[in-house]
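Working notes, beginning with the structure itself.
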Amino acid sequence: MIELEAARARVLEGCAALAPRRVELRDAVGLVLAEAVVADQLLPPFANTAVDGYAVRAAEVAGATPTTPARLAVVETIAAGRAADRPLGPGQAMRIMTGAPIPAGADAVVMVEDTNAVPDGETVEIYRPVSAGDAVRPAGDDVRPGDRLFLPGDVLSAAHIGVLASLGRTDIAAHPRPRVGVISTGDELIEGPIPLQPGQIRDSNRITLLALVEAAGGIGVDLGLVRDDEELIRAAFTEAARGCDAIISSGGVSMGEFDFVKRVLDEVGRMNWMQVAIRPAKPLAFGTIGATPVFGLPGNPVSSMVSFELFARPGLRRLAGHPDGRLVRAPVRATSIDALRRTPDGKTHFVRVVADNVDGRHVVRNAGGQGSHQLAVMAAANALVVLPDGEGVAAGDEVSVLLLG
Ligand code: AMP
Ligand code: MG
């Protein structure tokens, strides 16, 4: 058996970040940035008002109260999107809307709630004093030219994209989402509502793995269900290696007699056949066809999901350009409400649990049966306890947990 970390290291060696390309901002959320972004302009680009109100000279409204308002002549209205025609003179105010530029000569804005427009239409009464700078958003308050805003490796969030749009950018260099082909193999598999013949089951891995690929930031490419037939399996893998950045298959990597996946992958690719010291998901095939990484995951539904989490997800994240420190989910500490008993077998166990947050602390309880075929338990679970080799833990013990999703 090979230890988890050693097996994962082999996987990561076979996965390199996909070459960056220009991506429209609209398609860039979640992608890993591949350039440094340095600001070349001010944001906001000009001083503007944070409120609807009146642009004034603060000194002229210093003594204003509701009973002794300051009275100023309203000489102009400045809507957002245009600039004042003239500077503000002594004794004057300008009606101004949020986002409109502060006129020259003004140094503060009184919010409209603290004013009264006199019915003559030409005068405003100001009921409260303001200090210079009040309700003014200075130019460059957010971003200044030369600011080093974003670095390669940053994940583009909604806010990142908004900043880039504010700077006038329409596209950005980023690592693309990996296109990941997903294949199911096995003569026992069928799909859809047609009645099961003796010995048949429905393919669940393919749709599950496609969903996991998407959740991991990849593009799932459905490569279908392939019979246990050497020719068909060869055709499926060679085709997939041409059209995809990675391939994930499930089934046929254990010791079964009719597992042609192994024979074909050894012929068309360079593979590592591993027995990893974990449970579930002990068998793992990983290698490359040409430069395309291939993950041969075990067929049991829970095993294929756990194997995806521990091996394929980190590999796909590397393809997507995430730096080394961000490939693997960091475990959190939690209290186990249930005893999680096991027997020593040289393996790390991944126990399906339901994790909750109680008063800011993680607690977990057993999600149910731990068989690698019990997919409904996986559906009920939202986390995996990492249970080191040994006798397990007692109720109330601290455990290390991978929070999924
Ligand atoms: P294998 O790894 O091919 O030996 O399969 C191990 C177990 O997983 C067997 O019980 C298979 O029937 C089951 N299995 C394999 N592929 C799938 C699949 N795509 N969906 C559901 N179960 C599967
Ligand atoms: Mg099989």
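The values are calculated or read from the model by the stated rules, or taken from the named source; none is laboratory data. Note that the structure is a prediction, hence the values are computed from the model and not measured. For neighbour counting, all protein chains shown are included, and Cβ atoms are generated from backbone atoms with ideal geometry for every residue, glycine included. The protein model used for the area step is the full one, side chains on, heavy atoms only, and it has no ligands, DNA or RNA in it. Shrake-Rupley method; radii C 1.70, N 1.55, O 1.52, S 1.80 Å.
Before moving on, here are some points about what is shown:
- Of the residues making up the range 241-285, those that are more than 14 Å from ligand 1 (Cβ to nearest atom) and more than 22 Å from Leu319 (Cβ to Cβ) are Asp266, Glu267, Ala277, Ile278, Arg279.
- Annotation: Gly217 fulfils all but one of (1) at positive phi; (2) in a helix (DSSP H, G or I); the unmet one is (2).
- Cβ-Cβ distances below 6 Å connect the following pairs, each with a first residue in the range 316-329 that is touching a residue at least 24 places away in the same chain (Cβ under 8 Å), a second residue that is outside any helix (DSSP H, G or I) and open to solvent by 50 Å² or more (accessible area, probe 1.4 Å), and a separation of six or more residues or different chains: Gly321/Ala17.
Yes/no matrix, rows are residues, columns are (1) open to solvent by 30 Å² or more (accessible area, probe 1.4 Å); (2) more than 17 Å from Arg279 (Cβ to Cβ):
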| residue | (1), (2) |
| --- | --- |
| Gln370 | yes, no |
| Ala379 | yes, yes |
| Asn382 | yes, yes |
| Val385 | no, no |
| Ala395 | yes, yes |
| Val401 | no, no |
| Gly405 | yes, yes |
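- Residues in the range 198-210 that are open to solvent by 30 Å² or more (accessible area, probe 1.4 Å) and either farther than 14 Å from Ser184 by Cα or outside any helix (DSSP H, G or I) (or both): Pro198, Gly199, Gln200, Ile201, Arg202, Ser204.
- Strands (runs of 3 or more DSSP E) fully within the range 18-137 counting 1 or more residues that are open to solvent by 40 Å² or more (accessible area, probe 1.4 Å): 21-24, 70-78, 92-96, 108-111, 115-117
- Unmet criterion (only one of (1) open to solvent by less than 30 Å² (accessible area, probe 1.4 Å); (2) out of contact with any Asp or Glu (no Cβ under 7 Å at 6 or more places or on another chain); (3) more than 16 Å from ligand 1 (Cβ to nearest atom); (4) farther than 30 Å from Ile102 by Cα) for Ser157: (1)
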